[in-house]
1. Using θ = phi - 60° and the Karplus form 6.51 cos²θ - 1.76 cosθ + 1.60, what ³J(HN,Hα) does each residue of region 33-39 get, whole Hz, x for Gly and Pro?
2. Note down the net charge around Gly39, summing +1 for each Lys or Arg and -1 for each Asp or Glu among other residues with Cβ under 15 Å from its Cβ.
3. The chain: which chymotrypsin sites (Phe, Trp or Tyr not before Pro) are DSSP loop and have at most 10 other beta-carbon atoms within 10 angstrom?
4. Can you compute the equivalent ellipsoid semi-axes for the chain, i.e. the square root of 5 times each eigenvalue of the Cα gyration tensor, sorted largest first and rounded to whole Å?
Amino acid sequence: MEQLRQMHKRYYEVADRQLSTVGAARAFEEKTGVPKVYGVASVAALVGSMVFFNVAAPLLVNLTGFGYA
């Protein structure tokens, strides 16, 4: 169990360092007080759930296309 905690801490620190370079992530953390990593993980879980349950598929496709354009 301790090995799992150490691995989680290592990945958390790497993700936090990477997200520190993103202005929107820093602003999110400053305004809400929620760590950047948890905010990004929450958004990823929400989008993943929407894809899995096929909710708002047209919206996700349009947002993805807009992001690539």
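Laboratory data are not the source of any read-out in this text; all were calculated from the coordinates shown. These numbers were taken from a predicted model, which means no experiment stands behind them. Here the Cβ is made from the backbone with ideal geometry for all residues, glycine too, and neighbour counts use every protein chain on show.
1. x, 8, x, 4, 4, 5, x
2. Numbers: positive: Arg26, Lys31, Lys36; negative: Asp16, Glu29, Glu30.
Surrounding charge for Gly39 is 0.
3. Working: sites: Tyr11, Tyr12, Phe28, Tyr38, Phe52, Phe53, Phe66, Tyr68; in loops: Phe53.
Loop-located and lightly packed - Phe53.
4. Details: eigenvalues 140, 61, 24 Å².
They are 26, 17, 11 Å, listed from largest to smallest.
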